[in-house]
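The values are calculated or read from the model by the stated rules, or taken from the named source; none is laboratory data. The model shown is predicted, which means the values in this text are computed figures rather than measured ones. Glycine also receives a Cβ, built like all others from the backbone with ideal geometry; neighbour counts cover every protein chain displayed.
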Amino acid sequence: MRERAYHRELTRYRAGLLLAVVLTLVPAALVQWAGLSKSATLGWVMLLALAQIAVHFRCFLQVGVQRAERDNLYVLLFSLTIVLLMVGGSLLVFFDQMARM
């Protein structure tokens, strides 16, 4: 049973690696061989970046909606909230100081 779980996890990591490489190479190729307009290229790059974030969460960080993976999601959301509060507060202070100069 443990070997089956190990094989399933290894398959998940391999699929994640393959998807991450593809989702890195495709935007690089889009930018390198500029066949689209700048706004279309930017849109595709942003869409593929979001897809890569989802792949990393699902395949490498084991963030999902199942009961066992939900705790990881809560920790991730809490950490993201703290980081956003710190960055937002810092930007607020910086822009306030810039406005006063």
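For this structure, a couple of remarks:
- Contact annotation: residue pairs with Cβ atoms under 8 Å, 6 or more positions apart or on different chains, pairing a residue in the stretch 1-26 that is closer than 15 Å to residue 55 by Cβ and in the same structural domain as residue 55 (by TED's automatic domain parsing) with a partner that is assigned to a helix (DSSP H, G or I) and β-branched (Val, Ile, Thr), are 16/55; 19/55; 20/55; 23/55.
- Long-range neighbours under 8 Å by Cβ, at least six apart or interchain, first residue over 16 Å from residue 25 (Cα atoms) within the stretch 37-65, second of a type in the set (Gly, Ala, Ser): 58/16; 58/64; 59/15; 59/16; 59/20; 60/16
- Screening the stretch 58-81 for residues that are of a type in the set (A, V, I, L, M) and exposed (fewer than 13 other Cβ atoms within 10 Å of the Cβ) and picking the one that is farthest from the chain's Cα centre (by Cα) gives 68.
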